[in-house]
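The values are calculated or read from the model by the stated rules, or taken from the named source; none is laboratory data. Because the structure is a prediction, the values reported are computed rather than measured. Note: ideal-geometry Cβ built from the backbone for every residue, glycine included; neighbour counts use all protein chains shown. Note: areas computed on protein heavy atoms with side chains; ligands, DNA, RNA excluded. Shrake-Rupley method; radii C 1.70, N 1.55, O 1.52, S 1.80 Å.
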Amino acid sequence: MADMPMQQPPGRIILPPHRERARRPFSVRAREWVRRNLFPSTGGTLLTIAAAVVLGLLLIGVLWFVFIDANWRIITVNRWLLFAGGFPREEAWRLWVGMGFVFLLIGLTYGTWSSFGRRDHLFVAVSGVFVVFIMAHGGTAIWSSVWFLLAVGVMYLAYALTARIPRELGPIRTLQQRVVGGLLIASLPLALVILLSGGASVRQLDGFVLNLVLAPVGIVGGLVIGIPLAIGRASTMKTISWTCTAYIEVVRGAPLLGWLFVALFILDDVIGGELIVRAMVVMAVFTAAYMAESIRGALQALPRGQFEAAHAVGLSRMQALRLIIMPQALRISIPPIVGQAIAIWKDTTLVTIILPLRELKGNADSAIAQREFIDDRIEAYIFVAVVFWAVAFMMSRISQRIERTLGVGER
Amino acid sequence: MTTHAGVTDAAADGDRLADSQNIIVAENVDKWFGDFQALDNVTMNVREHEIVVILGPSGSGKSTFIRCLNRLEEHDAGRIIIDNIEMNDDVRNLNAIRSEVGMVFQQFNLFPHLSVLGNITLGPQKVRHMPKAEAQQLAMQHLERVGIPEQADKYPAQLSGGQQQRVAIARALAMQPKIMLFDEPTSALDPEMIKEVLDVMRELAESGMTMIVVTHEMGFAREVADRLVFFDEGALVEQGTPQHFFENPEEERTKLFLSQIL
């Protein structure tokens, strides 16, 4: 078994087969770990005990609050207000279809380029329980839980179907990548069409739904404007690079809140239209400046030789940018871009300042203002915080996944 | 700054280059980087199928010169004519020239986000508008020529330096250029990988490719070159056959340089 009489190609080193290292029994290793990490010395022991006491008290406090002290009725009673606010009730099915569409995309994307791991299942399960708990608590609206679970089902179905297609390059695989990629690119307009093609006006996007619409508009719009800006700023033509630099510096010179006031007062006279559309434009324009700077950093990090090799192969400037430079630059700038995305996700709460737009946090304020729930401020804000954290956490997980998937053959 | 004229009529290579035309004509080429003159009145012709090795200390302008030959650098004065096309600001001329001139870099400059096959098929597909299957077939031919067809699906980072440089040569060859420029192709390689790259270049030279090679590999220069050219301080100082160069160089600066590296 150990000696395999195979004729080896000359000069190739064959490593001996991997040998399972003998391991000490678990109890021994556990005792060792505890001694080394928790009770290494008198001081260490004292610190461990102190930390345990603090953490224990904290945990008991949190559990006490969540399960006994808190009045979660503020959430369950106001769940529609928090979720969709002024969105017309009779159009509610569009929200569920939209949610199903998003879950379908998640399933397809993971099935095509990645795979669900144990932690992803855990995340889905925990958020599922969370949603169902909130929905079921009020009594009547059992249907929302059903819709949510259906959407999760759609996601797993889409995943199961696409994950089955072999990853080897071939016509089917290419088609799969094109279809899913195309759907992803078209997803934002499609989702907006699903939500708004009926009787609901764009003005009626409200609550959590408004956050969910604003953030992608800001992120996608920011990238669409930001990529040409970054290229323009790096341009050798002075007029172009100065214009792009001026854009970036002016936009970054004022906080988002300031630009939202511009949308509210100044843009009203200039372009008019719905306030929410102006807010979307401002979000995209604002994010673009930051995205452009992240991408410019990546452009500068690329070795000059990449441009030169592209030219030497005969590619035109546009081809070099599209085929050689941007794919690499975007990959390098994924972490800062996701940083921007998470920032803009949280900044969607700022639109509350410019009435009458109400998003999740704004509607939580309305809920607190109800006489019955005046004492339940903390519950409302904790709920909002958890929801924001969950989405931000999901974004960061997805970005890590993208980095790892694209990392193939990285320098 | 005397230039040794009439060198290519050397008897040894008379037959091979007997009736070949000038494919590269460079006349009085100047290049400035700000206040620094990188090329000073360089005049040099290269004939079809000729192998020219350019020598010189670092900063002597030898890399700058060959980079001017495919417009990675823009020359400030003088004329460069490649295969009867004058190098000027006309974009069509530039594209025509670039597709006739292949270049291999010191740092390989493979595209790290594309597989080996993707690196090689990119030019034929996007510039020559060749169908994918045909481009892949062509790429495999050239990979076989440089001896690593089994690496086709790997990414550049998974290859050794020598393999990467061979892929870079295959990438340039896939555009079916008439001229190949090599800018210190072995300087970034570990010693044990230099030979595999030089072997590929030697084979290429034997196949009749016109080559200009900037290198410090004296063995290669002596054995393969039809003509050696010595640059110093941006000027072409001396040129001649390898025999002339290694046995009785005329210029003091050439002697000094050769004494330092041999």
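Brief remarks follow.
- A:P327 vs. criteria in contact (Cβ under 8 Å) with a residue 12 or more places away in the chain and surrounded by fewer than 18 Cβ atoms within 10 Å (Cβ to Cβ): no
- Residue ID - most open to solvent (accessible area, probe 1.4 Å), chosen from residues in the stretch B:125-153 that are within 19 Å of B:K178 (Cβ to Cβ) and facing another protein chain (nearest Cβ under 9 Å): B:R128
- Some residue of the stretch B:189-197 being touching a residue at least 40 places away in the same chain (Cβ under 8 Å) and either open to solvent by 30 Å² or more (accessible area, probe 1.4 Å) or within 14 Å of chain A (Cβ to nearest Cβ) (or both): yes
- A:A215 vs. criteria assigned to a loop (DSSP other than H, G, I, E, B) and in contact (Cβ under 8 Å) with a residue 24 or more places away in the chain: no
- Restricting the stretch B:111-124 to residues that are hydrophobic (A, V, I, L, M, F, W, C) and closer than 15 Å to A:L321 by Cα, the residue that is most open to solvent (accessible area, probe 1.4 Å): B:L114
- All positions within the stretch B:24-62 that are closer than 23 Å to B:L198 by Cβ and open to solvent by less than 30 Å² (accessible area, probe 1.4 Å): B:I24, B:V46, B:E50, B:I51, B:V52, B:V53, B:I54, B:L55, B:G56, B:S60, B:K62
- Entry remark, the stretch A:152-173: residues being part of a loop (DSSP other than H, G, I, E, B) and open to solvent by 40 Å² or more (accessible area, probe 1.4 Å) number 6 in total.
- Residue that is touching a residue at least 40 places away in the same chain (Cβ under 8 Å) and within 22 Å of the chain's Cα centre (by Cα), where the choices are A:I134, A:I185, A:I194: A:I194
- Where strands (runs of 3 or more DSSP E) fall wholly inside the stretch B:153-237, the ranges with 1 or more residues that are hydroxyl-bearing (S, T, Y) are B:210-214.
- Screening A:I344, A:I334, A:I398 for residues that are within 14 Å of another protein chain (Cβ to nearest Cβ) and within 23 Å of A:G226 (Cα to Cα) leaves exactly one candidate, A:I334.
- The one condition from (1) under 16 Å from A:L315 (Cα atoms); (2) assigned to a strand (DSSP E or B); (3) of a type outside the set (D, E) that B:T121 does not meet is (2).
- A:E90 at pLDDT below 90, assigned to a helix (DSSP H, G or I) and closer than 30 Å to A:A367 by Cβ: yes
- Being assigned to a helix (DSSP H, G or I) and more than 25 Å from A:L150 (Cβ to Cβ) is true of A:A50.
- Entry remark, the stretch B:70-105: residues being within 11 Å of chain A (Cβ to nearest Cβ), under 18 Å from B:E27 (Cβ atoms) and part of a loop (DSSP other than H, G, I, E, B) number 3 in total.
Yes or no, residue by residue, for (1) facing chain B (nearest Cβ under 10 Å); (2) modelled with pLDDT under 90; (3) surrounded by fewer than 21 Cβ atoms within 10 Å (Cβ to Cβ):
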| site | (1), (2), (3) |
| --- | --- |
| A:R322 | yes, no, yes |
| A:N363 | no, yes, no |
| A:I378 | no, yes, yes |
| A:A385 | no, no, yes |
| A:F388 | no, no, yes |
| A:L406 | yes, yes, yes |
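- Yes/no for A:F286 being touching a residue at least 60 places away in the same chain (Cβ under 8 Å) and open to solvent by less than 30 Å² (accessible area, probe 1.4 Å): yes
- Within the stretch B:203-224, if we keep just the residues that are out of contact with any Phe, Trp or Tyr (no Cβ under 8 Å at 6 or more places or on another chain) and among the polar types (S, T, N, Q), the residue that is surrounded by the most Cβ atoms within 10 Å (Cβ to Cβ) turns out to be B:T210.
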